[in-house]
Amino acid sequence: MNEGSYGTNNGIRNKKSKENLKQRAYLNSVTSLLDYGSKTITGFVVTPFLVTGLGSTLFGVWQMLGQFTSYTGISDIRTTQVLKWTVAKERDSKDEEELREYVTATFVLILLVMPLMLLGGAVLTWFAPIITQVDAVYYSTVRITCALLVMALVTKKAFDPFESVLRGMNLGFKNMGLRAVVFMIGGGLKIAAVLMGYGLIALASVQVLVMATIGVTLNVIVKKHIPWFGFGKFDFKRALSFFKLSGWFMGWTGTKMLLLNTDRVLLGFIAGPVMVTQYVVTKYLINAVRGLIHNVIHGVLPGMGKLYGNGEFDKLHRVRGHMMLLTWLMVTSIGAVIILFNESFLTLWVGEEKYAGATVNILILLSIAQYIFIQNDGAIINITLDITQMVYMGLVSALISIILIFALVPEYGIVGLCTGLIGGRMVMSVGYPWIITKKVGHGIQRPQRFIRPLLVLIILWVGSFFLSGYVPSLNWIYLIAAILIVSLLILIVAYLTGLNKKQRQEMEAYRQKVKFFKSGVN
């Protein structure tokens, strides 16, 4: 039976979908990890060339512009997010024509907001030199770079519906490897641009090319693997319902930008772009952990959307529990390794002077770990398509963080930045589990269930913090070998000491369930 076929033989289709659900979740996770891994490795190779070629000041400006131009997305009503979660939830209950109507409504709404995005981008472009605090000689360069980065963002938004449908249909794995290749080619072009002395404008031009190439490949993949994809009739009521839902997703987009895309901009505005460079390179490995865990979890979300859509709340609750245990295990073990070896890594990578210090290192790690758990619950709330309370809590968190950052950064620098982020996000750390309790009808798991894992995390991280000062200078070969050996040892210790017998049994049972290679992919 064709995967894109809808309408008849629902029982057969549902059975087949159920059989392949875990398998596809696994393959989607592998695809996301491959994409993110290629992006991370490309960044690892490219960043030293950018730091050396641009210098600490202009590299900091480049990082600020990359975050700054994302504010253009505030005018995006996020209808593609509504499309993804709607398709994930209703792909087994709606016919082809209704699904095409969803696609049509999405594209129409994107066309309507595109002028607003361009207008917002123009305003940001004009003020970019002031925000980045560059000398007057760089005003034109910064504005052209900013305009190109806005164009890259707009290009990505134009192609987002293709990826939304692919992920909503639980077929994200069909894109496996292609995005990774594009990222690597783009990285090579950025290195060439810097070596040839073309600077910020050339880097931004490469970014436009990368986004356009990814968009075209997504278009081809969707049309090949989703036969029903196309345009249906335009239903004003459906578009209006999408718009209403999109309004809250738009609110979440703005809130998320305040939560995630203000640290570099605020730090640069308050303390200067040189400190941004120090913050970004110190955060590199730590941020890679966040992306790694996010992409592992992200692959199962469309399947979780199906569980929610079918009212299988018991299963959804169990999956959340396994997801949190797996997240804890990864955060604890990988985090301890980063605390131990981040200074040695940065010394070899970009130079010891770029390392912000052991205290900053562990504070950045703590802020990222906190947000990883918040992100897990936020993704589950997204599935419900009712994100009103999440938006309010996120907005309160963001405002508290910004106030704390302005109060603390002038005196404490990056330490003040991290403290502000952690303090503000406590609202979400407490509030999101409460929202999920209301949505899925299950109480939050007993706090004592997490006391032991929390104590083990603290012991391993504090121990690594004190031992980090005794790690000798290493070359790349010894550093990689040490990281691999220590990672394995800490993972085993965390697993055996942080989880009780019942939790280990749950993890083992879940591991057995995710052996998907027994059946083929259709």
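Some points to look at:
- Scanning segment 132-156 for residues that are more than 14 Å from residue 55 (Cβ to Cβ) and not in a helix (DSSP H, G or I) yields a count of 1.
- Condition met for residue 210 (surrounded by 15 or more Cβ atoms within 10 Å (Cβ to Cβ) and closer than 17 Å to residue 159 by Cα): yes
- Filtering 154, 165 for residues that are outside the structural domain of residue 379 (by TED's automatic domain parsing) and modelled with pLDDT of 80 or more leaves a single hit, 154.
- Within segment 451-472, being surrounded by 12 or more Cβ atoms within 10 Å (Cβ to Cβ), among the aliphatic types (A, V, I, L, M), modelled with pLDDT under 90 and more than 21 Å from residue 347 (Cβ to Cβ) holds for one residue alone: 454.
- Only helices (runs of 4 or more DSSP H) whose full extent lies in segment 343-441 are considered here, and the ones with at least 1 residues that are within 19 Å of residue 264 (Cβ to Cβ) and in contact with a Cys (Cβ under 8 Å, 6 or more places away or on another chain) are 358-383.
- The residues on offer are 183, 159, 173, and the sole one that is aromatic (Phe, Trp, Tyr) and farther than 22 Å from residue 42 by Cα is 159.
- Residues within segment 32-45 that are surrounded by fewer than 19 Cβ atoms within 10 Å (Cβ to Cβ) and modelled with pLDDT of 85 or more, tallied: 4
- For segment 120-145, a residue qualifies if it is in contact (Cβ under 8 Å) with a residue 60 or more places away in the chain, of a type in the set (A, V, I, L, M, F, W, C) and out of contact with any Phe, Trp or Tyr (no Cβ under 7 Å at 6 or more places or on another chain), and the qualifying residues are 134, 142, 144.
- Residue count for segment 93-119, restricted to those that are crowded, with 19+ Cβ neighbours inside 10 Å and either of a type in the set (Gly, Ala, Ser) or in contact with a strand residue (DSSP E or B) (Cβ under 6 Å, 6 or more places away or on another chain) (or both): 1
- Among residues of segment 409-438 that are assigned by TED's automatic domain parsing to the domain that holds residue 323, those with a beta-carbon under 7 Å from a residue that is assigned to a loop (DSSP other than H, G, I, E, B) at least six positions away or on a different chain give the pairs 414/356; 433/444; 437/443; 437/444.
- Being without any contact (Cβ under 8 Å) to a residue 60 or more places away in the chain and either under 30 Å from residue 56 (Cα atoms) or out of contact with any Phe, Trp or Tyr (no Cβ under 6 Å at 6 or more places or on another chain) (or both) holds for only one residue in 325, 340, 363, and it is 363.
The values are calculated or read from the model by the stated rules, or taken from the named source; none is laboratory data. Note that the structure is a prediction, hence the values are computed from the model and not measured. For neighbour counting, all protein chains shown are included, and Cβ atoms are generated from backbone atoms with ideal geometry for every residue, glycine included.
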